[in-house]
There are 4 protein chains.
Amino acid sequence: MDQNRNRNDRPRAREVGVLVGVGTPGPHNAITDVRGVRVGHATLIRGDGPLRVGHGPVRTGVTAILPPRNNWYDEPVEAAHFVFNGAGTTAGLSLIDEFGRIETPIGLTNSLSVGTVYEGIVRYMVERIFAPRGSVPWFNPVVGETSDAYLNDMGGLHVRPEHAVQAIDAATDGPVAEGVVGGGTGMSAFGFKGGIGTASRVLEIAGERATVGVLVQSNFGGRLTICGVPMDELQTPPPPPPTSGSSIMMIVATDLPLSNRLLFRVCKRATFGLARTGSSGGHGSGDYVIGFSTTYRTSDAMPAIRETLARQEGVIDEAFRAVAEATEEAILNSLFKAERIVGRDGHTREALPIDRVLEILDRRGVRRTSPTP
Amino acid sequence: MDQNRNRNDRPRAREVGVLVGVGTPGPHNAITDVRGVRVGHATLIRGDGPLRVGHGPVRTGVTAILPPRNNWYDEPVEAAHFVFNGAGTTAGLSLIDEFGRIETPIGLTNSLSVGTVYEGIVRYMVERIFAPRGSVPWFNPVVGETSDAYLNDMGGLHVRPEHAVQAIDAATDGPVAEGVVGGGTGMSAFGFKGGIGTASRVLEIAGERATVGVLVQSNFGGRLTICGVPMDELQTPPPPPPTSGSSIMMIVATDLPLSNRLLFRVCKRATFGLARTGSSGGHGSGDYVIGFSTTYRTSDAMPAIRETLARQEGVIDEAFRAVAEATEEAILNSLFKAERIVGRDGHTREALPIDRVLEILDRRGVRRTSPTP
Amino acid sequence: MDQNRNRNDRPRAREVGVLVGVGTPGPHNAITDVRGVRVGHATLIRGDGPLRVGHGPVRTGVTAILPPRNNWYDEPVEAAHFVFNGAGTTAGLSLIDEFGRIETPIGLTNSLSVGTVYEGIVRYMVERIFAPRGSVPWFNPVVGETSDAYLNDMGGLHVRPEHAVQAIDAATDGPVAEGVVGGGTGMSAFGFKGGIGTASRVLEIAGERATVGVLVQSNFGGRLTICGVPMDELQTPPPPPPTSGSSIMMIVATDLPLSNRLLFRVCKRATFGLARTGSSGGHGSGDYVIGFSTTYRTSDAMPAIRETLARQEGVIDEAFRAVAEATEEAILNSLFKAERIVGRDGHTREALPIDRVLEILDRRGVRRTSPTP
Amino acid sequence: MDQNRNRNDRPRAREVGVLVGVGTPGPHNAITDVRGVRVGHATLIRGDGPLRVGHGPVRTGVTAILPPRNNWYDEPVEAAHFVFNGAGTTAGLSLIDEFGRIETPIGLTNSLSVGTVYEGIVRYMVERIFAPRGSVPWFNPVVGETSDAYLNDMGGLHVRPEHAVQAIDAATDGPVAEGVVGGGTGMSAFGFKGGIGTASRVLEIAGERATVGVLVQSNFGGRLTICGVPMDELQTPPPPPPTSGSSIMMIVATDLPLSNRLLFRVCKRATFGLARTGSSGGHGSGDYVIGFSTTYRTSDAMPAIRETLARQEGVIDEAFRAVAEATEEAILNSLFKAERIVGRDGHTREALPIDRVLEILDRRGVRRTSPTP
């Protein structure tokens, strides 16, 4: 399987006319619409049958989101984060607060493999950037996680440091593989198979165009709601309440020249998109938003936006709306694209039944566009 | 006008069958369903015509939410708060963090009158509690606000300390006046008249019943969404983007025995209800949640819930769902109950056209119950 | 009494050779060394004898710190704050976080008069800035406090809005009155009379000179330590443990072009100066730091520093050292300059016995310079 | 070398009469004075000469602090943390905030090995606790770090997961090895060799005795100050300003029954001890405090303290004083006990010259007790 171009023929939400909000997506409707941002996956699927800790079955992986350029330490991006619910083990957050920067790729994986992916990112940075110079400083890998223990032998630590390196090496711009891929391989949402999803919005401020892109690793619960319509009949009998393994990582990228303070504000609004999908914000759901700006530190891009933001910060409302919409749509995409999977002990997650979703939306009079290719 | 029992015949959302979520409200569907909590209003409506700063027209007031009992300083409630967007001037938050307590009534008013209501609460506490003892300590009034500058001569500071005292003295349990009353008198939401609204949910944990109640002072903007259905046609032409005067105060009360840490978690989930009404989380919208527990510090109520929370904190999910639903419904009630008002310079806010709302919901197949009395 | 130039002949710490740290003060060794910053006081001293709530005796006041220029709303300063211990009622903090700005003068007063000074700042802003335009927006007064209940009829609310206006109108650059003046009139520290104190440090980065200035309103307890030497014998018998009325407000101004994020970091280091005076960081001591940059938003001052900070943020260490030293020295000045005062019920705070302090320092071999004029 | 009982004959501070503050240490003057707390080290010292990334020289290790009992997941300790300066990569903080708990041993190591120690803790927990049950949930390892890049081949990742397991397995109560040991092996402070240090204070509230213990991994800079006396002559020529590799981890344990909120308050006061050692709070110094209570969740110990804290929270002042003193003394012990070490590229850190320290203190008249055994 080409892990970075999953070619399953399940449609994305927008491809079957399911529109979130009123904004316009970028060309790929993906986080990679933010120029310079790349995404790569390493997917591990191996074995079947009963769980034997350390032996499998394996349904897991790593997704890497790369800020622009290749020397993230010397050319970091401005960054911020918001923890809606800290029921998780995401690493690397305090430096984001203190220095307002991200200086490595961001890794997403399963909860117990955070340390391993951390080591993988360290190895990548040491080998490619620092060892050739003969001097290795400390730096701050950022690694997010959700738990795939329902499908995967999570305690077996099948993700190794080299899988993080593979995901980084595999990263490309353009379309992003979604669903059962990378860190999303073993994840579930609303009782269905979830995983990786992405979306974007373009906006205009002061005559300059900018993009907000979101990538999620969805693994949470609640009352699935699509375009405002609860999908109760798809969740009958009701799925079990979210267990402590449910969570969502939301990665926000933008080429808007936003400082740490403004990025923090943008990150908070991602939770509005989360709320609108019906998330219950469950106790055990680690709900994290990490955002970065590709231009704030390293270019003079968008001078009119910079000047406008300094004078009249309220124009940030465009970004607030964009991030909420893109997050909601990214979550839908993670469900629309994810295929049925059988994991350890025969645990099964069905794919979201798109036909029934559309039937419900039609019945409820939700405006849909003609399917797009 | 009896300010605490506004008898306008506009229905509350639930009275015309508009149901938010799946939970069950308490007897009054109000924050006062939490035993011991009282609400009082002082409403100031005076004058018409052009704004003359200091002279009117006046469309403003104070709403007071009283924790149980009468000596809040010696018998404080456990408390927490969450600032979703700190574009406001709410006073008294840092003590809530540090000591985990609220030790006075909570006042809601217009943005520039925070200081005056602060003084009013001080006067009330000094006269009723401390002066008789001959000793006055420092204490921490909590005062929230939203801006009524569109309708009211806010710069005229027509709210005086005695109005805060009046609102406290007027406080009662039972039904709560909503809409154009107290601190909500001059407020707007989604381009319509907004103001005070309230709702509640009862829940059961470990065989014990508890209540979560929410009271809002709504004054914000976005894409009005009721039960998941955008009311775009009611907002045509689209209302102006939220100005810096938009905001919402959300006060959460519960008799669940929740510590400061757990209350903070509950407060965060109120923003999910806010998101679902279509709030844009606008730049200039001060969106604050303040929550308190009436039992944590001062009784042994609900021993089974205490014990269960200590062992298995995830049961808090019941409260998370409840607060999101009650917040969403409280916001709807603030719109449903608010009547048309004309303020300074002829500025007008129309009442939400409930008939059209219901027509849209019916057309869109939203489940409605038979109207309740 | 000219409240803004208290001419008592008690020396400041440095004038008798007591040097804090290794840095160099600005010309006035005051917060006003930061160009454009002004300070004004309104001091209320009236009556003697037993406390009669509402009648006195009165030992209180207001101190106003004015950011540069006169229209703080349209030309705000970049700002941040750090709450070391939130046992207080300081108003206006959440907007500092959210917008990174201060848009009014900062008032300091007693704990129960925060609301009144808030109203005073509102009146000042409305009358001088907004009413002439015919339009009054919401804005965010910043008011800090400590409790003078030991000496003052704090519950009597003798500070009125006009005293805040007076303090603002009285504000000047140049030397700052210290000790028993303005908001510091009724305050105590380490069992001695405390109150207002100030100090500054100049520093150089990338060839450009900048200034960090601190003004404190000291009212806290602990083991008084001067230049590392505990003054145990002056605190014999030991003063009572800090009561809930003890606190300190620390206002930091700088012309360094620092963003909200960097100012927050600078504010945190003020607590290192506080620690070194022997503060116990007591439970009931509201210890707040509020900082602002006079240049970040409104000028292109210090281009070399801006550029250096962006490239190599570690040069901020100069500001970290400066703020710790200036805070420690400002606290000492608040003690050195404060005269003995008798307040309500004959409550007395003695002045720090400077001769004995110097004798102890000499005995302990602390380096002192020759007294400076 | 028995890594857990380093028998070097350098004295601890108190053993040569250097007393910090006025409180009384516990029997071992160590974090292990808190009943049930254990500490273990794995020390890696290997090779000499020039740095060859991946080959050494190696001067690093792991220190493990174990909360009481052996199943930390099912019997977690109540916890909190305070980040004074987030210039580091400590993992596991957000769950401490959200759930108020620590559910694994705490590991301390070098900055780039956080991921590896994280994996080591996961392996330990999976093998000893979860695999035997056949079910592995997600959980949250807590791993702190400082940078030993000056002495150690940090980029070579010589710490392996099994070293974390070794440190956990080696953990004992009783005296704690200090200085060049475990995570402190390659660390420096104030230009001298630093590393692991510990101290404790006993206190009494409401007739019940309790203990506050602190363990630090010191690696920071500033103006070394001992008992208030700057050691300028020992730092001549002045050591280079703290580089981005300087940091300090402060672990606080107590048997006081403190909630997350109170532990957070206690953690903040640890920075007062840090300040008094002369720390500059440098830009690149990751200064973290992590605290836990051994009794809050799992016993009814100290009923009188529980009751007193609920009624009169101010008694927490005893713990505030204790943690500041113990932190200051733990830092001194990390210097007093650390021996000279030569690391990669011949980089050398001298031991603190204790004789000269004592000579300076004597000359400056600092009270010293007779040496204790």
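Matching residues to (1) in a helix (DSSP H, G or I); (2) over 29 Å from B:Ala351 (Cα atoms):
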position: B:Val126; (1), (2): yes, yes
position: B:Ile129; (1), (2): yes, yes
position: B:Gly144; (1), (2): no, no
position: B:Asn152; (1), (2): no, no
position: B:Gly155; (1), (2): yes, no
position: B:Glu162; (1), (2): yes, yes
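Conditions (1) over 23 Å from B:Ser218 (Cα atoms); (2) modelled with pLDDT of 95 or more; (3) part of a strand (DSSP E or B), marked per residue:
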site: B:Asp74; (1), (2), (3): yes, yes, no
site: B:Val83; (1), (2), (3): no, yes, yes
site: B:Gly88; (1), (2), (3): no, yes, no
site: B:Ile96; (1), (2), (3): no, yes, no
site: B:Thr104; (1), (2), (3): no, yes, no
site: B:Gly107; (1), (2), (3): no, yes, yes
site: B:Ile121; (1), (2), (3): no, yes, no
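Would you mind finding the one in A:Val212, A:Val202, A:Val229, A:Val216 that is under 19 Å from A:Val39 (Cβ atoms), in contact with a strand residue (DSSP E or B) (Cβ under 9 Å, 6 or more places away or on another chain) and either at the interface with another protein chain (Cβ under 9 Å from one of its Cβ atoms) or surrounded by fewer than 24 Cβ atoms within 10 Å (Cβ to Cβ) (or both)?
So the residue among A:Val212, A:Val202, A:Val229, A:Val216 that is under 19 Å from A:Val39 (Cβ atoms), in contact with a strand residue (DSSP E or B) (Cβ under 9 Å, 6 or more places away or on another chain) and either at the interface with another protein chain (Cβ under 9 Å from one of its Cβ atoms) or surrounded by fewer than 24 Cβ atoms within 10 Å (Cβ to Cβ) (or both) is A:Val202.
Among residues belonging to region D:61-77 that are closer than 21 Å to D:Glu119 by Cβ and within 14 Å of chain A (Cβ to nearest Cβ), point out the one that is farthest from the chain's Cα centre (by Cα).
D:Tyr73
C:Val136 fails exactly one of the following numbered conditions: (1) within 8 Å of chain B (Cβ to nearest Cβ); (2) more than 14 Å from C:Trp72 (Cβ to Cβ); (3) without any contact (Cβ under 8 Å) to a residue 40 or more places away in the chain; (4) in a helix (DSSP H, G or I). What is the number of that condition?
Here C:Val136 meets the rest and fails (4).
Do the conditions hold for D:Arg344, that is, is it of a type in the set (D, E, K, R) and facing another protein chain (nearest Cβ under 10 Å)?
Taking the combined requirement at face value, the residue does not satisfy it.
Sort out which residues of region A:103-128 are surrounded by fewer than 24 Cβ atoms within 10 Å (Cβ to Cβ) and in contact with a Gly (Cβ under 8 Å, 6 or more places away or on another chain), and write them in order of number.
Scanning region A:103-128 gives a single hit, A:Val126.
Within region C:139-156, how many residues turn out to be more than 7 Å from chain B (Cβ to nearest Cβ) and over 19 Å from the mean Cα position of the chain (by Cα)?
6
Considering only residues that are over 18 Å from D:Gly86 (Cβ atoms) and open to solvent by 10 Å² or more (accessible area, probe 1.4 Å), which ones fall in region C:313-324?
Hits for region C:313-324 are C:Val315, C:Glu318, C:Arg321.
Please state which one of D:Thr277, D:Thr327, D:Thr295, D:Thr271 is facing chain C (nearest Cβ under 9 Å), at pLDDT 95 or above and buried (at least 23 other Cβ atoms within 10 Å of the Cβ).
The unique qualifying residue is D:Thr271.
Would it be correct to say that B:Leu256 is within 14 Å of chain A (Cβ to nearest Cβ), at pLDDT 95 or above and outside any loop (DSSP other than H, G, I, E, B)?
Spelling it out, it is not the case that B:Leu256 is within 14 Å of chain A (Cβ to nearest Cβ), at pLDDT 95 or above and outside any loop (DSSP other than H, G, I, E, B).
Restricting attention to region B:181-191, report how many residues are part of a loop (DSSP other than H, G, I, E, B) and either in contact with a strand residue (DSSP E or B) (Cβ under 6 Å, 6 or more places away or on another chain) or closer than 23 Å to B:Tyr124 by Cα (or both).
Result for region B:181-191: 4.
Suppose we filter C:Gly100, C:Gly86, C:Gly54, C:Gly49 for residues that are buried (at least 17 other Cβ atoms within 10 Å of the Cβ) and on the phi > 0 side of the Ramachandran plot; which single one remains?
Going through C:Gly100, C:Gly86, C:Gly54, C:Gly49 in turn, just one is buried (at least 17 other Cβ atoms within 10 Å of the Cβ) and on the phi > 0 side of the Ramachandran plot: C:Gly100.
Identify all residues within region B:114-133 that are of a type in the set (Ser, Thr, Tyr) and within 8 Å of chain C (Cβ to nearest Cβ); write none if there are none.
Within region B:114-133, B:Thr116, B:Tyr118 qualify.
On the given criteria, is D:Val58 touching a helix residue (DSSP H, G or I) at 6+ places or on another chain (Cβ under 9 Å), within 14 Å of chain A (Cβ to nearest Cβ) and over 30 Å from D:Ser299 (Cα atoms)?
yes
Considering every residue within region D:157-175, establish whether at least one is surrounded by fewer than 20 Cβ atoms within 10 Å (Cβ to Cβ) and of a type in the set (Ser, Thr, Tyr).
Yes - at least one qualifying residue is present in region D:157-175.
Regarding region C:183-196, can at least one residue be identified that is at the interface with another protein chain (Cβ under 10 Å from one of its Cβ atoms) and surrounded by fewer than 24 Cβ atoms within 10 Å (Cβ to Cβ)?
Checked region C:183-196: no residue is at the interface with another protein chain (Cβ under 10 Å from one of its Cβ atoms) and surrounded by fewer than 24 Cβ atoms within 10 Å (Cβ to Cβ).
If a residue must be within 14 Å of chain A (Cβ to nearest Cβ), outside any helix (DSSP H, G or I) and touching a residue at least 40 places away in the same chain (Cβ under 8 Å), how many such residues does region B:298-316 contain?
Final tally of qualifying residues: 0.
Looking at A:Leu352 and the list (1) open to solvent by 20 Å² or more (accessible area, probe 1.4 Å); (2) in a loop (DSSP other than H, G, I, E, B); (3) more than 23 Å from B:Gly278 (Cβ to Cβ), which single condition is not satisfied?
Only one criterion is unmet by A:Leu352, namely (1).
Considering only residues of region D:298-312 that are over 26 Å from the mean Cα position of the chain (by Cα) and open to solvent by 50 Å² or more (accessible area, probe 1.4 Å), which is nearest to D:Pro257 (Cα to Cα)?
Of everything passing the filter in region D:298-312, D:Arg306 is nearest to D:Pro257 (Cα to Cα).
The values are calculated or read from the model by the stated rules, or taken from the named source; none is laboratory data. Here the structure is a predicted model, which is why all the values come from computation and not from measurement. Please note: Cβ atoms are built from the backbone with ideal geometry, for glycine as well, and neighbour counts cover all protein chains shown. Accessible surface is based on the protein model in full, side chains and every heavy atom, while ligands, DNA and RNA are left aside. Shrake-Rupley method; radii C 1.70, N 1.55, O 1.52, S 1.80 Å.
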